[in-house]
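The structure appears right after this line, and notes come after that.
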Amino acid sequence: MSPHILILGGTTEARRLAADLAARPGVRVTTSLAGRVTRPATLAGEVRIGGFGGAEGLADWLRTHGVDAVVDATHPFAESITANAARAATATGVPAVVLRRPGWRPGPGDRWYDVESLAAAAEALPGLGRRVFLSTGRLGLATFAHLTDLHFVVRSVDPPAAPLPPHTEVILARGPFTLAEETGLLRAHAIDVLVTKDSGGEATAAKLTAARELGLPVVVVRRPPLPDGVTAVPDVAGALDTLDRLGIDGP
C-alpha cells in the first residue's frame, strides 16, 4: 500500500516538502492549510482546507485516512496546531516530526528588543518610536488598537479585520521582499521602529537588514516553545531524512 503523509502546511518549507514527496513514486501526500489566506500558493499532491476540530478531530482524520506519518510544517507561531498535532500523534501512534526553521539571532549593529508576546511588544513601543512598521501578520492587531498616539504601517497578504489602531496604513502584498524594497518602505513611511515575530528563515529577513542599516530599533516577539517530546528538524532535508529512517519512502 502506498504510504500516506500528512503535511500541516502554510510555510515555504511545507510547499517544498510536498513537492519533493509528491515526486516519489507511490507516495501519497496531503497538505492541510488553515484557510486563513484566500489565494494560497500552488501545492503538489492533495490539498485540504480548514481545521480538524482539535487534537481529537485530527486523530480521527489520521485513522480514517490511513496516514502513516505527520509533518508539522506550520508557522512557528501556530502554537495550538502544533500542540494538537503532538497530541494526535501520541493518541494514534502515527510518527510525527516538526519542521521548524531556526529562529533569527541579532548580529553586530542590531538594536533588538526581545519580548514574549504581542502584548509585551505593544507595551514597549511608546518608548521606542512613533511611526511603527508592524510586520506581525494580520492577526492580533487588536493588541495595538489602544495605542492612539502612534502611527502604524501594516503589511499583509489579505486585509486585516477590525479593530485596528486608529492611525493605520495597510499595505497588501505578498513576499518575499528584497532589501531594496524593505529599505524603500521604511524610508517612504518614515518608520522609526519595526515590530516583527521571530519567524526565522531568509524569505522575510530583509526587513531586519534594512532596519540595521537605517539604525532602527526592532521589537522581536520570540516564538513559543515546542511541546515536550516532539522531534524537530530545521529544514526540508531533515524532514525527508526522518521519513526515510521511518521507512516511508514509497511502496
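What to note about this one:
- All of (1) modelled with pLDDT of 95 or more; (2) surrounded by 19 or more Cβ atoms within 10 Å (Cβ to Cβ); (3) not aliphatic (A, V, I, L, M) hold for Arg155 with one exception: (1).
- Scanning region 205-218 for residues that are in contact with a helix residue (DSSP H, G or I) (Cβ under 6 Å, 6 or more places away or on another chain), within 12 Å of Pro106 (Cβ to Cβ) and not polar (S, T, N, Q) turns up just one, Val218.
- Of the candidates Gly238, Gly200, the single residue that is of a type outside the set (Phe, Trp, Tyr) and either part of a loop (DSSP other than H, G, I, E, B) or crowded, with 18+ Cβ neighbours inside 10 Å (or both) is Gly200.
- Among (1) within 29 Å of Arg138 (Cα to Cα); (2) at pLDDT 95 or above; (3) surrounded by 20 or more Cβ atoms within 10 Å (Cβ to Cβ); (4) not basic (Lys, Arg), the one test that Gly54 misses: (3)
- Residue match in region 1-17 (condition: hydrophobic (A, V, I, L, M, F, W, C), in contact with a helix residue (DSSP H, G or I) (Cβ under 6 Å, 6 or more places away or on another chain) and either open to solvent by 30 Å² or more (accessible area, probe 1.4 Å) or free of Cβ contacts under 8 Å to residues at least 60 places away in the same chain (or both)): no
- Filter result (assigned to a strand (DSSP E or B) and open to solvent by less than 70 Å² (accessible area, probe 1.4 Å)) within region 95-119: Ala96, Val97, Val98, Leu99, Trp112, Val115
- Residue check, Ala122 open to solvent by less than 50 Å² (accessible area, probe 1.4 Å) and part of a helix (DSSP H, G or I): yes
- If you go through region 47-92 and keep only what is polar (S, T, N, Q) and over 16 Å from Pro227 (Cβ atoms), you end up with just Thr64.
- Test result for Ala86, in a helix (DSSP H, G or I) and under 23 Å from Arg16 (Cβ atoms): yes
- Residues that are open to solvent by 50 Å² or more (accessible area, probe 1.4 Å) and not acidic (Asp, Glu), drawn from region 158-169: Pro159, Ala161, Ala162, Pro163, Leu164, Pro166, His167
- Of the residues making up region 229-242, those that are aliphatic (A, V, I, L, M) and modelled with pLDDT under 95 number 2.
- Within region 110-163, tally of residues that are touching a Lys or Arg at 6+ places or on another chain (Cβ under 6 Å) and of a type in the set (A, V, I, L, M): 2
The values are calculated or read from the model by the stated rules, or taken from the named source; none is laboratory data. For clarity, every value in this text was computed on a predicted model and none was experimentally measured. In this analysis, Cβ positions are derived from the backbone assuming ideal geometry, glycine residues included, and neighbour counts consider all displayed protein chains. Side chains are part of the model used for accessible areas, which takes the heavy atoms of the whole protein and leaves out ligands, DNA and RNA. Shrake-Rupley method; radii C 1.70, N 1.55, O 1.52, S 1.80 Å.
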